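All remarks here apply to the structure that follows.
The values are calculated or read from the model by the stated rules, or taken from the named source; none is laboratory data. If you're wondering where the values come from, they're calculated on a predicted model, not measured in any experiment. All Cβ positions, even for glycine, are placed from backbone atoms using ideal geometry, and neighbour counts span all protein chains on display. Heavy atoms of the whole protein, side chains included, go into the accessibility calculation; ligands, DNA and RNA do not. Shrake-Rupley method; radii C 1.70, N 1.55, O 1.52, S 1.80 Å.
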Amino acid sequence: MEKLKLKSIYSEFRPDLEYIERELNRSVHSESPMLEGACLALIGSGGKRIRPVFTLLASKFGDYNPAVTAKAAVPLELIHMASLVHDDVIDDADLRRGERTVKSMYGNHAAMYVGDFLLGRSLEIIGDLEDPEIHRVLSRTMIEICLGEIIQIEDKYATEQNLRDYLRRIKRKTALLIASSCELGGLVSGADLQTVRKLKRFGYYVGMSFQITDDLLDFTGTEKQLGKPAGGDLLSGNITLPAIIGLRDPELRPKLLDALNGLLSTEEVTQLLGSMRDSEAIRESLRISDRYLEKALREAESLPDIPDRDSLIRIAKFIGKRKF
């Protein structure tokens, strides 16, 4: 049902999105059949295309030009894809969205170079845009993503981390790329500065809600919905918001610590996930996600009243309430 709903929202600007999708496929052409095949498989594996969609919609607040917008939207999606490839190597993940990962198909070495190739292509494409501010935004975003990933590695198995640690990490790891997608959409179309700033804030708040929801789904979703085993973050030592809050609960804490230390059987992990689903940890995490979503909606409602503003609002609401 959720997939159909998102498709329905996207149908309003389907031709524009299809143009970006064609450019995305074209961007990964390579003399190496393996390299191109791995990239095309990544593109074909799905994904919600949240970042290019937000770039597309944000560009409608200025002088919209599909070819120019694609020069920003495609690099942002390539950066996102590269980060996923590198993540799968670090996490030793064999599945993503129910499909085999590049690491699983070709090995760690090839996967790292696939990710590097995608990053290189993103810089090559956005190089066609002359505005130096666009390049500064993209460079800062890439730096912050790397910092976020490093902080995540540093925070693995750190059971005493707090809410501020977590929010700082997901800001860099996820939210800033979505914020930059909205900001760059405004910049490439020449939208006024006030509108660009509002778009950036909207993207940041949506991105925070998006990642918290993602982390919640690791506890509340099924393997079929997630395309990977539930509880994977916890078992790999990645302590997300529900676990941070759950560790404060004297009943949940011992089991969460056992899970982090690899001491639970498969059946016991399933029982723990069931306990978490009914816990205050999940409810409090939902409340925090909702607060970010509310801030995003307020920013969106303050934007110029054009039809595409409604699409931004509808997608934001979908992201905050999605079940997969």
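Using the average count of surrounding beta-carbon atoms within 10 Å as a protection proxy, the listed peptides 69-82, 122-135 rank, highest first, as 69-82, 122-135. Kirkwood radius for segment 90-129, taken over all pairs of different Cα atoms as the inverse mean of 1/r, rounds to 11.3 Å. In a fully extended conformation the segment linking MET112 and ARG164 would gain 15.6 nm over its present Cα-Cα distance, using 0.36 nm per residue. Listed by chain and number, the lysines placed with their C-alpha closer than 20 angstrom to that of LYS7 are LYS48, LYS60, LYS224, LYS317, LYS321, LYS323; residues fewer than eight positions away on the same chain are left out.
Given the alternatives (1) 82, 53, 37; (2) 83, 38, 34; (3) 56, 47, 35, Cα extents along the principal axes in Å as computed for this entry is given by (3). Summarising the label geometry, the points placed 7 Å from Cα in the beta-carbon direction at ASP128 and LYS48 lie 2.8 nm from one another. Across segment 180-324, Cα-Cα distances exceeding 23 Å account for 44% of all pairs.
Axis of helix 14-27 versus longest Cα principal axis of the chain: the two differ by about 80°, to the nearest ten degrees. A full extension of the chain between ARG277 and GLU223 corresponds to an added length of 18.0 nm, given 0.36 nm per residue minus the alpha carbon distance. Just to be sure I understand the model, the point goes 7 Å from the Cα along the line to the Cβ. What's the resulting ASP290 to ILE306 distance in nm? Here the modelled spin labels are 3.3 nm apart.
Computed extension gain for MET105 through LEU193, at 0.36 nm per residue and net of the alpha carbon distance, reaches 27.2 nm.
With N the number of residues in segment 248-324, Rg(Cα) / (2.2 N^0.38 Å) evaluates to 1.60. Helix 176-188 and the longest principal axis of the C-alpha atoms of the chain enclose an angle of approximately 10°.
Which shape class, rounded, prolate or oblate, goes with segment 2-136 when its Cα gyration tensor gives a ≥ b ≥ c as root eigenvalues, a/c under 1.5 marks rounded, and past that a/b bigger than b/c marks prolate? Cα axes put segment 2-136 in the oblate bin. Going by the alpha-carbon gyration tensor, a ≥ b ≥ c the square roots of its eigenvalues, is segment 64-191 rounded (a/c under 1.5) or, if a/c is not under 1.5, prolate (a/b greater than b/c) versus oblate? Oblate is the answer for segment 64-191, as a/c is 1.5 or above yet b/c matches or exceeds a/b. Protein heavy-atom accessible surface, 1.4 Å probe, per residue over segment 1-148: 48 Å². To the nearest ten degrees, helix 50-59 and the longest principal axis of the Cα atoms of the chain are 30 degrees apart.
Summarising the label geometry, the points placed 7 Å from Cα in the beta-carbon direction at SER236 and HIS29 lie 3.4 nm from one another. Protection proxy ranking for 157-170, 276-289, using the average of other Cβ atoms within 10 Å per residue and placing the highest first: 276-289, 157-170. Sorting the segments 247-259, 194-206 by their mean number of nearby beta carbons within 10 angstrom, highest to lowest, gives 194-206, 247-259.
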